[in-house]
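The values are calculated or read from the model by the stated rules, or taken from the named source; none is laboratory data. Values in this document were obtained by computation on a predicted structure and should not be read as measured data. Cβ: placed from backbone, ideal geometry, glycine included. Neighbour counts: every protein chain shown. Note: accessible area is taken over every heavy atom of the protein model, side chains too, but ligands, DNA and RNA are not part of it. Shrake-Rupley method; radii C 1.70, N 1.55, O 1.52, S 1.80 Å.
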Amino acid sequence: MIPTRIEILGVPIDCVNMQSALQTIEHYLEQNQPKSVIAVNPEKIIKCHADKNLLKIIQQAGMIIPDGIGAVIAARMLKSKKMQRVPGSELMPEICALAERKGKKVFLFGAKPEVNMKAVSNLKLKYPDLNIVGSQDGYLSEEEMPSLVQRINQLETDILFIALGSPAQEIWMSKYLNSLNVKICQGVGGTFDVIAGNVKRAPAFFRAIYLEWFYRLASQPKRLVRQTALPKFVYLVIKQKLGFGNKLKGNSKN
Ligand code: UDP
C-alpha cells in the first residue's frame, strides 16, 4: 500500500506507477493526517542539491511521484528499481475522477485568476459530479494565507491542489499543511494552465518517445535556463553509475 522509497542522487522518490500511486491516494483519503504529494524530476533533484530546505520538505512528503522520465531511467540505472513515470499533470485528473466516484471535496489553489476559473469550469465539464467546493488564484499576499487556510478547512476540503510552481508550492505546503484538515495536498505546478487550455501538453508522439520535456522547451524557450539542470543530472547519474559517487552533504545514503 505504501510504496518503497529510494534515493536518486540523494533525493527521495517513490517506486510507483499510476495505479499504485492512486491506491496510495485512496489509502491516504481514509487517514486522518494530511499527506502531501510532491512531484520530482531531474530539475528538482538538481535544485535540492543547492536548496536543503526543499530537500527536507520532499523528504517529509506523503508521496513523491516520479514526474520525469529522467528520474525513472536513473532509478533503473542506479538502483535496478522499476517505476513508471507518473506526471503530476496526469495524476491530478485521475485524482479528480477518484474524488468524483468517492464524493470527496476538492479545492483548487493557484495560477492566475482567469486560469484558475477556467480550470474549475473545465474540470466541471469533464467530471460533472466532482464536488469542487472552492478555488483561489495563486496571487495572494502572505497576510492573506491564514484566512485561506481557514476557508479551506471550513469547506471541509478533502483534496487540495496547489499550483504555485516549484519550490513555492512545496514551501507553502511545509508552512500550512499541519494547519489544514485536508487528506491530500498535491503540488501540481503548471497543471491548471494545461487544464484551462492555456498551455498545451506535448502531442502524443512526443509523450510516447519521452520527449515531452523537449517539446515544452521548444514551445516555451524561456524554460531553457531551467533545463540546464538536465545535462548536470545526466552527468551526475553517469558519474555515480561509474562508481564515483555524488553524496549529498548531510545524507547518509545515496
Ligand atoms: N503562480 C502562482 N502564483 C505565483 C507564481 C506562480 O499561482 O506567485 C502560478 C503560475 O500562474 C502558473 C504556476 O504557478 O500557473 C507555475 O507554472 P510552471 O509551469 O512554472 O510550474 P512548474 O510545474 O514548471 O513548477
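Matching residues to (1) within 22 Å of residue 61 (Cβ to Cβ); (2) assigned to a helix (DSSP H, G or I):
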residue	(1), (2)
153	yes, yes
161	yes, no
166	yes, no
181	yes, no
185	yes, no
198	no, no
201	no, no
Please determine whether any residue of segment 185-200 is more than 12 Å from the ligand (Cβ to nearest atom), among the hydrophobic types (A, V, I, L, M, F, W, C) and within 17 Å of the chain's Cα centre (by Cα).
yes
Residue pairs meeting the criteria (Cβ under 7 Å; at least 6 apart or on separate chains; first free of Cβ contacts under 8 Å to residues at least 24 places away in the same chain, in segment 139-164; second not in a loop (DSSP other than H, G, I, E, B))
140/148; 151/134
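Checking the conditions here, which among 173, 145 is within 16 Å of the ligand (Cβ to nearest atom), under 15 Å from the mean Cα position of the chain (by Cα) and assigned to a helix (DSSP H, G or I)?
Answer to the check: 173.
The rows are residues; the columns are (1) open to solvent by 10 Å² or more (accessible area, probe 1.4 Å); (2) of a type in the set (Ser, Thr, Tyr); (3) not in a helix (DSSP H, G or I).
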{"residue": "7", "(1), (2), (3)": "yes, no, yes"}
{"residue": "33", "(1), (2), (3)": "yes, no, yes"}
{"residue": "44", "(1), (2), (3)": "yes, no, no"}
{"residue": "56", "(1), (2), (3)": "yes, no, no"}
{"residue": "65", "(1), (2), (3)": "no, no, yes"}
{"residue": "72", "(1), (2), (3)": "no, no, no"}
{"residue": "77", "(1), (2), (3)": "yes, no, no"}
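So, of the residues in segment 9-26 that are small (Gly, Ala, Ser) and in contact (Cβ under 8 Å) with a residue 60 or more places away in the chain, which turns out to be surrounded by the most Cβ atoms within 10 Å (Cβ to Cβ)?
The selected residue is 21.
This table checks each residue for (1) in contact with a His (Cβ under 8 Å, 6 or more places away or on another chain); (2) open to solvent by 40 Å² or more (accessible area, probe 1.4 Å); (3) modelled with pLDDT under 70.
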position: 192; (1), (2), (3): no, no, no
position: 219; (1), (2), (3): no, yes, no
position: 236; (1), (2), (3): no, no, no
position: 253; (1), (2), (3): no, yes, yes
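Can you report the number of residues in segment 118-138 which are touching a residue at least 40 places away in the same chain (Cβ under 8 Å) and of a type in the set (A, V, I, L, M)?
2
Can you tell me which residues in segment 79-97 are surrounded by 19 or more Cβ atoms within 10 Å (Cβ to Cβ) and either under 11 Å from residue 130 (Cα atoms) or not β-branched (Val, Ile, Thr) (or both)?
83, 85, 87, 88, 89, 91, 92, 95, 96
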Out of (1) open to solvent by less than 10 Å² (accessible area, probe 1.4 Å); (2) in a loop (DSSP other than H, G, I, E, B); (3) within 11 Å of the ligand (Cβ to nearest atom), the odd one out for residue 139 is which?
(1)
